[in-house]
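Reviewing the structure listed below.
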Amino acid sequence: MITRLLLFLVALAVTDRLPAADSVNVLALSIDATPEHPRNSEGAFLTLHCGRILFVYSQFTGGTSDFSPSELALVSSDDQGRTWSAPRVLFTPETGTLEMSVSLVRLASGKIALFSAIKRGTTDCRPYLRISNDEGVTWSAPRSILQAPGYFVLNNDRVIQTSRGRLLVPVAFHRVTGRVEGGHSIDLRGIALWYYSDDEGATWTEAKTWWTLPVAGTTGLQEPGLVELADGSLLSFSRTDVGTQYENRSRDVGETWSAPQPMRLKSPASPASIKRLPGSSDLLAIFNDHSGQFPFSLNVGTYGGRTPLVAALSSDGGVTWRTAKLLENGADRDYCYTAIHFVGDAVLLAYMDVTRNPSTAKSLVIRRVNVPWLTAPENALAAKSRKVLHDIFDHQEDWIKIHAAEALVVGGEAVAIRERFLAMAPKAEALPYRVGVWRVLANTSATAAERAECVAQVEKIFLNPTSPDLSQALETLCKLRVKVEGPVLDLVRRTADGPVGPMSALALWSLALRDEPKALERLGGLLRSPKDSMRLIAAYALRWLRTTDPTTLQWLTQAVAAEPRGSDASAYLLSAGFALNADPERRLAWRTALEEVLAKGSMDARFEVCNGLLSQSTAASLPLYTSLLDDPGADTRVGAALTILYGGVRE
């Protein structure tokens, strides 16, 4: 059946969209980059005794790099973070220095401690401490907590005071190389160190152990953070460039630390932020999720790809994590350096919002998120959806098994599903869905190297003319958005110019990903084919391409109007037209038609409709899918369960 060729991977098909700006998730403040202040970035919150909330952040005046002139600025809120004052400068550093990366701590004595990183040139960066005895009206002079010179990076919102009263400062030490490269003269491979004080910052002691990354990488352990767990032990976490955060743990209040181990927070070289929920042992992490649950980009540089921004929860001290909500997912943006502050039944999240293209404008936003909404347990409908998917995954031995796995990835089980597929990999060649094994592994690879290995396996299958799954291999390369090269490209071009059929259509899809001349035009032309199967594949490919070409969208609109309702291609044309918003005036009518297919279409048509409507699914639309969880068609059940879980993490 032709639709068996049209395989599914929703993680790359999701349209970028933010959660609705309502009372549970509000963008409260945006301090945009300006010519005067081209970068506004990392900071920390503190609540005064009067209830006013302070947010102190880095305000750059002469550029956007970490070595550009910077001062500390302040905004405040008197309504629990709903509205904010205009910015004002709090501290201007002395000539030849810059100041950034603030942590604010309410000390056990009632005083306020302000920690920051002060830099003098490219070889001297140390954490400094100021104390206020009058609720931030006046401050002591800054004093370095380290006597030794060197480059010690203290990230923002990292310093903690434990329940026993000990202050802890995590830093990454970087060796000075003696040569200037990329605007600095330090070795970027960080060594994690911890300093502690039992007299509220008067004196400091270095922990007895220090660590760096135990595997090959270019970052070492960078920008470490800290959180105290419910049992009094400490969890330290650091960013790396090996596809995951790394952790160290201490059971003696920071005097010694365990060897670094990989965490289950899959991410780029971007810092995570972790704090305990008030009155709970649960942890809240805000990080860039590269598990595969949400779309993300690789090959954007060591310190790029800082999207999406996701909230995750842990009930076992950071051993395992479950996704709570998607916060930001702009494909061309970076979200990083999050400060977390709880106020009432809300949490304030402040982070950098960097426009990657066409400029490098670095703005600062504060988001106010309702904690009960963020931490709400999975409802009965979502739990049933998850059970449906696990049943299919455990018992089906065809491509629907892959569909169920990919839906579970979207539902927050990317790490666990990847482990299952890694176990399958050695015997993948004997499986009828071997291409799907490599597809799931590719889309849950947190590093470019891991992903490339999986893509190579699919290309090998495609290049073998005796492979029974050539179409699956080529389609998977398209869904992985691989811009094929070399012998694979040569074969794709020959296939596109060969006999008109499903394989030539898939080849045009592949060439359109490379922006090859006429490829998109030829693919769009198949919408007028007299064959249902060709119109179906063309519509499906265009939805996956996420094309915005006006001519192609016009052809798609015309094809939807001309297609007889109930034909094999009808659901696919409607799905593509709706998902791509090919004609905004017809969008409501198309949605109604899609919902009719959802009610009484074939299994394949229903599955396609679920994916076409997916980006616009909301909690209000979930009743449409409830009855489909008991449908006899396995793919229909997968599509319904996927939609329910998708709405749960994004709504």
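The three principal axes of the C-alpha atoms in the chain carry coordinate ranges of 80, 49, 48 Å, sorted with the longest axis first. The residues of the range 415-464 have, on average, 42 Å² of accessible surface per residue, using a 1.4 Å probe with all protein chains present.
Rolling a 1.4 Å probe over the protein heavy atoms leaves Asp198 with an accessible area of roughly 100 Å².
If you plug the beta carbon distance of Ser467 and Asp391 into 1/(1 + (r/R0)^6) with R0 = 30 Å, you get a FRET efficiency near 0.50.
Per-residue Karplus couplings for the range 188-204, computed as 6.51 cos²θ - 1.76 cosθ + 1.60 with θ equal to phi - 60°, are listed in order as 6, 6, x, 10, 7, 10, 9, 10, 9, 9, 9, 10, 6, x, 5, 9, 9 Hz, Gly and Pro entered as x. The angle separating the long axis of helix 570-579 from the principal Cα axis of greatest extent in the chain is about 20 degrees. Restriction of the GluC sites (Glu not before Pro) in the range 326-418 to DSSP coil positions whose beta-carbon has at most 16 other beta-carbons within 10 angstrom yields Glu378, Glu397. Using a ≥ b ≥ c from the Cα gyration tensor of the range 140-260 (square roots of the eigenvalues), is it rounded, prolate or oblate, where a/c under 1.5 gives rounded and otherwise the larger of a/b and b/c decides, a/b for prolate? Oblate, since a/c reaches 1.5 and b/c is not below a/b. Against the chain, whose longest principal axis is taken from its Cα atoms, helix 399-408 shows a tilt of about 30°.
Between Thr177 and Ile186, Asp187, the built amide H atoms are under 5 Å apart, and every one of these is 5 or more places off in sequence or on another chain. Within the accessible area of the chain, the carbon and sulfur atoms contribute 54%, probe 1.4 Å, all protein chains present.
The distance separating the Cα centre of the range 89-166 from that of the range 374-407 comes to 48 Å. Loop-resident GluC sites (Glu not before Pro) (DSSP state other than H, G, I, E or B) in the range 456-496 with no more than 16 further Cβ atoms inside 10 Å of their Cβ: Glu485. A protection proxy built from the mean count of other Cβ atoms within 10 Å ranks the segments 88-98, 587-597, most packed first, as 587-597, 88-98.
Against the chain, whose longest principal axis comes from its Cα atoms, helix 532-545 is set at around 10 degrees. Counting only protein chain heavy atoms and rolling a 1.4 Å probe, the accessible areas of Leu624, Leu580, Leu527 rank, largest first, as Leu624, Leu580, Leu527. For the range 252-263, the Karplus equation 6.51 cos²θ - 1.76 cosθ + 1.60, evaluated at θ = phi - 60°, returns couplings of 10, 6, x, 6, 9, 9, 6, 5, x, 9, x, 8 Hz by residue, with Gly and Pro reported as x.
Add -39500 (n - 2.57) for each DSSP H run of 4 or more in the chain, then divide by its residues: what number comes out at 222 nm, to the nearest 500 deg cm²/dmol?
About -9000 deg cm²/dmol.
Here the 3J(HN,Hα) profile of the range 587-599, calculated from phi with Karplus coefficients 6.51, -1.76 and 1.60 at θ = phi - 60°, is 4, 5, 5, 5, 4, 4, 5, 5, 5, 5, 5, 4, 7 Hz, Gly and Pro shown as x. Taking a ≥ b ≥ c as the square roots of the eigenvalues of the alpha-carbon gyration tensor, the range 507-587 is classed oblate because a/c is 1.5 or more while a/b is no larger than b/c. One Cα centroid belongs to the range 476-540, the other to the range 594-651; the line between them spans 28 Å.
Counting only protein heavy atoms and a 1.4 Å probe, the range 224-325 has 29 square angstrom of accessible area per residue.
Please say if the range 58-174 is rounded, prolate or oblate, where rounded means a/c under 1.5 for a ≥ b ≥ c the square roots of the C-alpha gyration tensor eigenvalues, and otherwise the choice is prolate for a/b larger than b/c and oblate otherwise? Write down the numbers at each step before the final one.
Values: a/c = 1.82, a/b = 1.13, b/c = 1.61.
Cα axes put the range 58-174 in the oblate bin.
The values are calculated or read from the model by the stated rules, or taken from the named source; none is laboratory data. Not measured: the values here are computed from a predicted model. Here the Cβ is made from the backbone with ideal geometry for all residues, glycine too, and neighbour counts use every protein chain on show. With ligands, DNA and RNA removed, areas are computed over all heavy atoms of the protein, side chains included. Shrake-Rupley method; radii C 1.70, N 1.55, O 1.52, S 1.80 Å.
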